[in-house]
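Engineer: Have a look at this one.
The values are calculated or read from the model by the stated rules, or taken from the named source; none is laboratory data. Remember, it's a predicted structure, so these values are computed and weren't measured experimentally. Glycine also receives a Cβ, built like all others from the backbone with ideal geometry; neighbour counts cover every protein chain displayed.
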Amino acid sequence: MTMPWTVRGVGIITATALMVSLAVSRAPSLAAAAPTLRESGDLTQLVLAYERSLPWRNSDGYKWDESSSPRQARTIADAAVTARHGDLAAARRALAPYGYDLVEFTHTGIGGGRHLVLRERPQANGKRARNWGLYVLNQKPRARDLAFEAPHPQFDTHTPEMNIDGYLRGGAALFAMAGTHRYANGKPGDNPYELSLDSDMAREPDSLFQQMHESLTRKSTDVVQLHGFARQGGNSENSQCEDVVLANGAARPSSGEPDRPRPGLRQVADQLRLRLLSTTVWPDSTSCPLGATSNPQGKFTRGIGGRFFHVESERAVRDSPEVRAKVVDAVLCALLGIKGRSGGPLTRRRESVGRRCTAPSGRCSGAEREAGEDSASRADAAHGP
């Protein structure tokens with residue numbers, strides 16, 4: 001299906017799959033460098049359309065120059081902070097030389113709301129120059145201190161959809177998605193858990209994805225990454241894993257050492273088990289390798305005393321809209337005390353986040369809350385033990 005986009009001052013063009021209307025107005029002195037972009041539509045569909053456009057495996061689509069890219073990534077991340085603080089004109093001016101647009105986006109899906117989208121601008125050939133990722137900031141003044149990140153689009157099937165669902169329904173402050181397949185620049189070896197080349201954002205510490213993480217999260221931010229694995233056809237060790245594996249990236253304790261604190265993970269595990277999903281908190285299972293110990297975002301968050309939630313779901317869980325919705329519901333219930341759509345499809349037009357959310361600890365009981373409600377009164381619940 002195709003439909004027209006209306007672009008003020010340009011005319012009618014045709015776009016595919018993404019039902020978004022675009023209105024462009026230009027500041028007189030910065031018309032060429034920093035246009036004001038405003039769009040409206042379903043933010044989930046924007047994310048999924050962006051994922052479909054990303055460079056695929058072995059495309060060599062991820063570009064990083066060690067001599068200049070780190071400085072440019074810091075500038076882009078600084079511009080994102082400027083935008084979050086409300087100076088959109090200054091942020092646009094800072095982003096323009098580096099190929100990123102700042103889009104003021106009105107979400108017309110469930111919950112509504114206004115968001116800032118940092119999106120790499122396509123070149124004349126329709127391709128992006130570097131493919132450094134897509135970033136969304138919640139413009140709600142009191143957005144929850146919560147971030148959802150998708151480091152492996154295309155590779156971990158359905159995880160961008162799950163992460164943007166968590167961002168929207170949780171009223172989170174940040175959504176981040178990597179800009180390529182994790183192996184866009186090749187695969188280092190037969191073991192997918194070896195350090196990858198620089199296109200794997202969950203392995204590479206020097207990237208815009210990492211800069212955004214460090215600039216836009218803090219000690220109080222709960223950071224969630226919804227990942228995926230397969231018991232069949234991948235690493236043979238995965239066959240020993242449960243349906244869902246939770247970790248925060250802390251290393252396995254040496255023999256005789258007490259386990260390191262893994263704050264919040266067991267509350268999420270309780271919620272997943274209530275939804276009849278077999279779940280383990282790594283390293284409780286000594287035979288499952290999914291501990292996220294090489295994840296640079298987890299290292300940073302743990303290093304500043306924050307909470308990092310690395311959630312691996314098996315392929316069969318992610319392939320079912322009803323079951324993958326349960327994973328998101330469990331995370332939101334454990335962290336925020338709200339209930340989601342009770343396993344309903346992600347495309348349902350009505351939510352049930354106001355229904356009672358019962359946990360073994362009682363943390364989530366009595367939660368009569370609406371989608372998009374302010375977070376101030378629930379700050380303690382979001383950062384409990």
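Engineer: How many residues are under 19 Å from ARG262 (Cβ atoms) and without any contact (Cβ under 8 Å) to a residue 24 or more places away in the chain when one looks only at the stretch 287-333?
Structural biologist: 1
Engineer: Please go through (1) closer than 30 Å to GLU322 by Cα; (2) at pLDDT 95 or above for ARG169 and return the number of the only condition it doesn't satisfy.
Structural biologist: (2)
Engineer: Can you name every residue in the stretch 106-137 that is part of a strand (DSSP E or B) and at pLDDT below 95?
Structural biologist: Within the stretch 106-137, none qualify.
Engineer: While we're on this one: Mind listing whichever residues of the stretch 164-184 are of a type outside the set (A, V, I, L, M, F, W, C), assigned to a helix (DSSP H, G or I) and over 14 Å from ASP145 (Cα atoms)?
Structural biologist: If the condition is that a residue be of a type outside the set (A, V, I, L, M, F, W, C), assigned to a helix (DSSP H, G or I) and over 14 Å from ASP145 (Cα atoms), then ASP165 is the only one that fits.
Engineer: Next question. Report, by residue number, each residue of the stretch 305-318 that is under 18 Å from the mean Cα position of the chain (by Cα) and in a loop (DSSP other than H, G, I, E, B).
Structural biologist: The one that is under 18 Å from the mean Cα position of the chain (by Cα) and in a loop (DSSP other than H, G, I, E, B): GLY306.
Engineer: What's the total number of residues in the stretch 207-232 that are within 20 Å of LEU336 (Cα to Cα) and small (Gly, Ala, Ser)?
Structural biologist: Adding up the residues that qualify gives 1.
Engineer: Select from the stretch 189-247 the residues that are at pLDDT below 95 and of a type in the set (Phe, Trp, Tyr) and write down the one among them that is farthest from the chain's Cα centre (by Cα).
Structural biologist: Among residues in the stretch 189-247 that are at pLDDT below 95 and of a type in the set (Phe, Trp, Tyr), the one farthest from the chain's Cα centre (by Cα) is TYR193.
Engineer: Considering only residues that are outside any helix (DSSP H, G or I), among the aliphatic types (A, V, I, L, M) and in contact with a strand residue (DSSP E or B) (Cβ under 8 Å, 6 or more places away or on another chain), which ones fall in the stretch 263-304?
Structural biologist: LEU277, VAL281, LEU290, ALA292 - these are the residues of the stretch 263-304 that are outside any helix (DSSP H, G or I), among the aliphatic types (A, V, I, L, M) and in contact with a strand residue (DSSP E or B) (Cβ under 8 Å, 6 or more places away or on another chain).
Engineer: Find the residue count for the stretch 81-94, including only residues that are touching a residue at least 40 places away in the same chain (Cβ under 8 Å) and either outside any helix (DSSP H, G or I) or touching a strand residue (DSSP E or B) at 6+ places or on another chain (Cβ under 6 Å) (or both).
Structural biologist: 3
Engineer: Name the residue that is surrounded by the fewest Cβ atoms within 10 Å (Cβ to Cβ), counting only residues in the stretch 66-80 that are of a type in the set (Gly, Ala, Ser) and in a loop (DSSP other than H, G, I, E, B).
Structural biologist: My answer is SER67.
Engineer: Step by step: first the residues of the stretch 146-163, then only those that are among the acidic types (Asp, Glu) and not in a loop (DSSP other than H, G, I, E, B), then the one that is nearest to THR44 (Cα to Cα). Which residue is that?
Structural biologist: Looking at the filtered set, the residue picked out is GLU161.
Engineer: Moving to a separate point now. Could you please find all residues in the stretch 95-105 being assigned to a helix (DSSP H, G or I) and among the aromatic types (Phe, Trp, Tyr)?
Structural biologist: Matches in the stretch 95-105: TYR98 only.
Engineer: Of all residues in the stretch 17-65, which are modelled with pLDDT of 95 or more and in a loop (DSSP other than H, G, I, E, B)?
Structural biologist: ASP42, the sole residue that qualifies.
Residues are listed down the side, and each one gets a yes or a no for (1) in contact with a helix residue (DSSP H, G or I) (Cβ under 9 Å, 6 or more places away or on another chain); (2) surrounded by 23 or more Cβ atoms within 10 Å (Cβ to Cβ); (3) closer than 30 Å to TYR183 by Cβ:
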| site | (1), (2), (3) |
| --- | --- |
| GLU104 | yes, no, no |
| ILE110 | yes, no, no |
| HIS115 | yes, no, yes |
| PRO122 | no, no, yes |
| ALA129 | no, no, yes |
| GLY133 | yes, yes, yes |
| VAL136 | yes, yes, yes |
